[in-house]
1. Give segment 1-20 a look and list any residue that's modelled with pLDDT under 90, surrounded by 10 or more Cβ atoms within 10 Å (Cβ to Cβ) and not acidic (Asp, Glu), or say none.
2. Can you find even one residue in segment 41-57 that is modelled with pLDDT of 90 or more and among the small types (Gly, Ala, Ser)?
3. Residue by residue through segment 26-61, note down the ones that are surrounded by fewer than 10 Cβ atoms within 10 Å (Cβ to Cβ) and of a type in the set (Ser, Thr, Tyr).
Amino acid sequence: MNEDQPMQPVELSAKRLLGEMRDYAAREPVKAVAAAFAAGVMINLLPTRVLVASVTAVGGALLRPALLSLGVIKSLELCCQKPTT
């Protein structure tokens, strides 16, 4: 990363969170390993079909209103343009 540019708030919070996680893992290594293992098991237990179906359903539900609003915006842009001479 370029050191001349100031860090964004998201980068700062991500670095802070990573630092806190490293400190916790150094203080409580057994609990950190247990938490990582539990998170991995939970992710592996979730069926892929359920995740894909959920993402598809949400995407499909949001696609129609998004396309409709974009169409309305574009039609308003075309209607409100000043005629060029």
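The values are calculated or read from the model by the stated rules, or taken from the named source; none is laboratory data. Remember, predicted model here, so these are calculated numbers, not experimental data. Because the Cβ atoms are built from the backbone with ideal geometry, glycine has one as well, and the counts that use them run over all protein chains shown.
1. 7, 12, 13, 14
2. Looking through segment 41-57, at least one residue is modelled with pLDDT of 90 or more and among the small types (Gly, Ala, Ser).
3. Within segment 26-61, 48 is the sole residue that qualifies.
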